[in-house]
Amino acid sequence: MVSLAVIGCGAVFEQLHALAIRRLISGREVELSALVDPDQARASRYTKRFPNAVWFPSLEEAAAKRSLQAVLVASPPGLHRQQVEAALGLGLHVLCEKPLVTTATDAHLLARVAAASGKCLAVGQTRRYFPSLAHAAQKIRAGELGSKLTFTYSEGGIWGWPIASFAPFLRATAGGGVLTDKGVHILDLLLWLFGEMKVVSSADDSLRGGVEGNSQLELEGPGVRGTVQVSWDQGMNNGLWIAGEKGELRVQGDDFLSIDIRSRGGNWTRIPNEVAWPASTALNSPPMMTPRDYQDCVYLEWVSFLRAVRHGEKVPVDASVAAIPIGQIEEAYRQAKPREEKWLTAREQESAAAGHWRNGAAANI
Amino acid sequence: MKIAILGAGGFLGSRFVETGLLNGAFEVVPVIRGPRAAARLARFGPIWKSVDTSSPEKLAGVLTGCDALVNATIGEYGAMAKATDAAWQACALAGVRQYVHLGTAEVFGTVESPTIHDDSQPVQGHWMAYARAKGAAEMAVRAHFGDQRLTTTVLRPGLIWGPKSPWVEGPAKGMLAGTSFLANGGRGACNLIYIDNLVAQVLSVVRQAPKVSGCFNVSDDEVHDWRGYYEALARQVGIPFSAVHQVEAASYRMDVGDLLQQAKGSVLGEWLKKRLGPAEKRKIQHVLGAFKKPVFGPVGAAAPAVTRGEWHLQAVKRKLPNAKFRGAFGRHGEIDFAEAMARSGEWLRASGYVWELPK
């Protein structure tokens, strides 16, 4: 069993990882030995569910008193760089929640630190385990859509995380808004589907002193171009639509079971996803799983990480891979222009444009 | 003029804040209950006042110097009346002269009687937990009507529509998925109020500072049935109106989804919601997810998705009159249905509700 510590006992651990770790404990894959959080009361909420886990205020103290092999970093993004570096320095394997860091420079630095340590540094880009997206990737790679691909991706929803601080909404602590938070997932999956693309244009709705709640990007790469829009303050027609010279496919929102596909100009057909991943760390003939919800995907992400720890297998997203979307986000922020909001009054639109965070002109906000 | 808005992180509250900040016509104090509610305000920076709104003393601390408090919160159904009263008490403590309570026309259900008027009392025993809670909250506010320390105004909007509204987004999604429906030919009254018109009406009240407390039904002036509303929305998302299912009035039967929704809003449901941790909720969702039965093959016409809530709304008999409000406050800065629908269409297109690939 891999002895594990968790850094950051907030909403991300509670909502995403706690259930997966309990499944892994039941399967005798891991033991949760330490809960690291500056707030003892917050960490103590989990001691009933994880009776072998002991609270520590710092990773150094946890490592000194418990025999650890790996760590989950689930703290606010602004703390990741220092915590990941410290964990690797202590000889621990690391699974870090996204975004790994908020600058590509820091991501490359961590890639070098991980390589030098010989330990695994995996990044929690859970959508790599979404069966519909894996299915779409298979179709693209098999050439079923043809060449000259275009795509559009929309993802919006009203923020629902039971967070305890305002850190995600402040540029100083989060590095940005929805593009940093959700966009990093989307840009990673687009990297997986289409390869590396450059940011052609970027627009968002952040005013000076704020972070964006809505972001729109145009991206272009070899043989592919498309648009992305992401929001955390409104719903959208969530999904991915890809078209090539031969065919088209659609992934609807959070549909885990199927994708829609058609030849160019033909009729849509809904086909089941039959993509599966190893569901345990067994080296020979592990059971395979097709996830049916987000919890399953987080579980499979953990299995992938543990297989890397135990058998040296490659993880889908390491620090070098994670650096690419982080770099795209930095570029998007550099290029950011005011988002068009044509449903506002003319005066409101002018005011929002004048007060845009990248606009040096005086604003009335 | 300095106006505090309670529930500033919600759909209506955030538009109120946006109007204040981008138009600059009034000073706004956005009040929220905690970090979770800050997402819709984050574009403006940390402008919010985060406070325990169940405590009149704590809430009063952020209301000092305000001319009015507009209460646009929903919160937990079981605690809504108490929270509403706490907001009123906070105004009294802070010396705020006006309290505007956003109620809902839903307290009158399907408006069975033509004699329902602005001063009628909410119907008793409404099947919808939300309507029962809003009714109780309204009565808690009305209990203060005789108190001379401040003026209390209850506004009862119908369906608040426009950009980012669930009453635009939901039907548009249904139309794209082929699941939207109209009951009884869509002849039920669609009691609409465009979000910016509601903001304008709230501002009318605050600016005119009535001396007497009272209740007012508020709505757009035009009278629409559901068919007219859906026809206009279908044009905006580029879906032929014929794709909207026409459902016989007698065909609705409560299903498992409706029962679950109803259970969620019950006292037991609220009690469970508070006690179940996120992990337990996720586990329940995970287990329920296994019962999903996907349909593969040619993507054809989908079946209508008939929920009790939509069914009920489409059965509303008549539009509530807004003459009392117009008589008291007039009409200032509001827009008509065509312009409001055009703006909603802009938002729908910008939000991906019209599938388009890059040119």
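The values are calculated or read from the model by the stated rules, or taken from the named source; none is laboratory data. In this text, all values refer to a predicted model and were calculated from it rather than measured experimentally. Here the Cβ positions follow ideal geometry from the backbone for every residue, glycine too, while neighbour counts run over all protein chains shown. Accessible surface is based on the protein model in full, side chains and every heavy atom, while ligands, DNA and RNA are left aside. Shrake-Rupley method; radii C 1.70, N 1.55, O 1.52, S 1.80 Å.
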Chain A, relative contact order in percent, only Cα pairs under 8 angstrom and at least six apart counted: 18 percent
Sequence-distant lysines (8 or more away, or on other chains) whose Cα lies within less than 28 Å of B:K317: B:K134, B:K164, B:K173, B:K264
Estimated vicinal HN-Hα couplings, Hz - the stretch A:331-346 in sequence order (Karplus 6.51, -1.76, 1.60; Gly, Pro = x): 5, 4, 5, 4, 8, 3, 10, x, 6, 6, 10, 5, 7, 7, 5, 4
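Just check chain A against the gyration tensor rule for me: Cα atoms, a ≥ b ≥ c as the square roots of the eigenvalues, rounded for a/c under 1.5, and otherwise prolate or oblate depending on whether a/b exceeds b/c.
Values: a/c = 1.92, a/b = 1.24, b/c = 1.55.
Cα axes put chain A in the oblate bin.
When you look at the Cβ of every residue in B:15-24, what mean number of other chain Cβ atoms sits within 10 Å?
Working: counts 1, 0, 0, 5, 3, 0, 7, 14, 6, 5.
Across the residues of B:15-24, the mean count of other-chain Cβ atoms within 10 Å is 4.
What does the extension gain come out to for B:A323 and B:R349, with contour length at 0.36 nm per residue minus their alpha carbon separation? Before the final figure, lay out each step's value.
On the way: separation 26, 0.36 × 26 = 9.36 nm, distance 3.47 nm.
This chain segment gains 5.9 nm when fully extended.
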Lysines whose Cα lies under 18 Å from that of B:K58, excluding same-chain neighbours fewer than 8 positions away: B:K49, B:K82
Where A:K65, A:K182, B:K211 fall by accessible area, highest first, once all protein chains stay in place (1.4 Å): B:K211, A:K65, A:K182
Label-to-label distance, nm, for residues given as A:M1 and A:A164 (7 Å Cα→Cβ offset): 2.6 nm
Cα-projected label distance for A:E245 with B:D147, points at 7 Å along beta-carbon direction, nm: 7.4 nm
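Which GluC sites (Glu not before Pro) does the stretch A:174-272 hold that lie in a coil by DSSP with at most 14 other beta carbons within 10 Å?
Values: sites: A:E196, A:E212, A:E218, A:E220, A:E245, A:E248; in loops: A:E196, A:E212, A:E245.
Passing both the DSSP loop test and the Cβ count: A:E196, A:E245.
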Area of B:C91 that stays accessible when all protein chains are in place (1.4 Å probe, Å², to 10): 0 Å²
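Among rounded, prolate and oblate, which fits the stretch A:235-365 when a ≥ b ≥ c are the square roots of the eigenvalues of its C-alpha gyration tensor, a/c under 1.5 means rounded, and a/b larger than b/c means prolate? Intermediate results must be reported in sequence, preceding the final value.
Values: a/c = 2.93, a/b = 1.61, b/c = 1.82.
It is oblate, given that a/c is not under 1.5 and a/b is not larger than b/c.
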Chain B - percent relative contact order, Cα under 8 Å, separation 6 or more: 18 percent
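Stretched out fully, how many nm does the piece from A:E350 to A:R49 gain, at 0.36 nm a residue minus the Cα gap?
On the way: separation 301, 0.36 × 301 = 108.36 nm, distance 5.28 nm.
That works out to 103.1 nm of additional length.
Between B:D67 and B:E222, what's the calculated FRET efficiency when r is the beta-carbon distance and R0 is 22 Å? Round to 0.05.
Details: r = 31 Å, r/R0 = 1.43.
That gives a FRET efficiency of 0.10.
Using DSSP to call loops (not H, G, I, E or B), can you name the trypsin sites (Lys or Arg not before Pro) in the stretch B:105-154 whose Cβ has at most 13 other Cβ atoms within 10 angstrom?
Values: sites: B:R132, B:K134, B:R142, B:R149; in loops: B:R149.
Those that pass, being in a loop and sparsely packed, number zero.
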Phi-based couplings in Hz for the stretch A:229-235 (Karplus 6.51, -1.76, 1.60; Gly and Pro marked x): 9, 9, 8, 10, 10, 7, x
Cα gyration tensor shape for the stretch A:21-80, rounded if a/c is under 1.5, else prolate or oblate: rounded
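Of the DSSP beta bridges with both residues in chain A, give the percent that are antiparallel, rounding to the nearest 5.
Numbers: 35 of 66 bridges.
Antiparallel: roughly 55 percent of the beta bridges in chain A.
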Extension gain, B:L93 back to B:K58 (0.36 nm per residue minus Cα-Cα distance, nm): 11.6 nm
All lysines inside 17 Å of A:K337 as judged from Cα atoms, apart from same-chain residues fewer than 8 positions distant: A:K198
Heavy-atom SASA rank of A:S33, B:S242 (probe 1.4 Å, accessible area, largest first): B:S242, A:S33
Estimated FRET transfer efficiency (A:E144, A:R208; beta-carbon r; R0 30 Å; 0.05): 0.05
Relative contact order of the stretch B:40-138, defined on C-alpha pairs under 8 angstrom at six or more residues apart (%): 29 percent
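Which is the longest run of chain B containing none of the chymotrypsin sites (Phe, Trp or Tyr not before Pro) found in DSSP loop states (not H, G, I, E, B) with at most 14 other C-beta atoms within 10 Å? Provide the component values of the computation, followed by the final result.
Details: sites that count: B:W127, B:F145, B:F291, B:F296, B:W355.
The reported range is B:146-290.
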Where GluC sites (Glu not before Pro) in DSSP loops with at most 15 other Cβ within 10 Å are excluded, longest remaining stretch of chain B: B:113-221
Label-point gap, in nm, between B:E27 and A:I271 - each point 7 angstrom along Cα→Cβ: 6.3 nm
Residue-wise HN-Hα coupling along the stretch B:326-334, computed from phi with Karplus coefficients 6.51, -1.76, 1.60 (Hz; x: Gly, Pro): 4, x, 7, 10, x, 9, 9, x, 8
Cβ neighbours within 10 Å from other chains - mean over B:157-165: 2
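Across the residues of B:67-77, average count of Cβ atoms on other protein chains within 10 Å?
0
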